[in-house]
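Visitor: Below you will find the structure I want to go over with you.
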């Protein structure tokens, strides 16, 4: 929450207060809603956070159901984390080489497809897909902050904090819904459902992505 205090502290406006905190959140939300680039990236971040929150609580019981032992997690999970770190490290390079538009389309569609296939395949052959999932998560998180260049420096910390807060709220709400569904349809079916939902939400989101021309 320090990001909400950044402007007040630097400007000498005094000590943090709940009123200032609420006003900065309000201003951040109003700025985000008025700026199509910030609004769109908030939706993209919400999608990425929702997948991360829900699938993080899902993939370990999923791996057990497809036949892996808990001991084998010691080999699988580090590989996933390494793949995610590589994705984050190469995110900017990938975006600059293929273009932002292609990067968004490729990563979001591949993310949804990889999870959907894991739900449909449901075997030990899913390990490469888990690495793909980790890599795509690493690429997407820095990529979704592309709206930074459309935010004034004095408001950047507050707006990014608001974006993360809104994304976390959406992800937490879905976590409860998916937890409810797990008892009814099972972990494997829910994995496929999450992948399908990523594609169902991701395609309209990608089609609505603003471009530099739309700012004119």
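The values are calculated or read from the model by the stated rules, or taken from the named source; none is laboratory data. Just so it is clear, the structure is predicted and the values come from calculations on it, not from any experiment. All Cβ positions, even for glycine, are placed from backbone atoms using ideal geometry, and neighbour counts span all protein chains on display.
Visitor: Please enumerate the residues belonging to segment 102-126 that are surrounded by fewer than 17 Cβ atoms within 10 Å (Cβ to Cβ) and more than 17 Å from the chain's Cα centre (by Cα).
Guide: Correct list: 102, 120, 121, 123, 124, 125.
Visitor: Could you please tell me which pairs satisfy a Cβ distance under 7 Å, a separation of 6+ or placement on different chains, a first residue in segment 35-57 that is more than 26 Å from residue 188 (Cα to Cα), and a second residue that is modelled with pLDDT of 80 or more and assigned to a helix (DSSP H, G or I)?
Guide: From segment 35-57, the pairs are 43/205.
Visitor: Could you run through segment 55-76 and say how many residues are at pLDDT below 85 and in contact with a helix residue (DSSP H, G or I) (Cβ under 6 Å, 6 or more places away or on another chain)?
Guide: Counting residues in segment 55-76 that are at pLDDT below 85 and in contact with a helix residue (DSSP H, G or I) (Cβ under 6 Å, 6 or more places away or on another chain) gives 0.
Visitor: Can residue 175 be described as modelled with pLDDT under 80, surrounded by fewer than 18 Cβ atoms within 10 Å (Cβ to Cβ) and at negative phi?
Guide: yes
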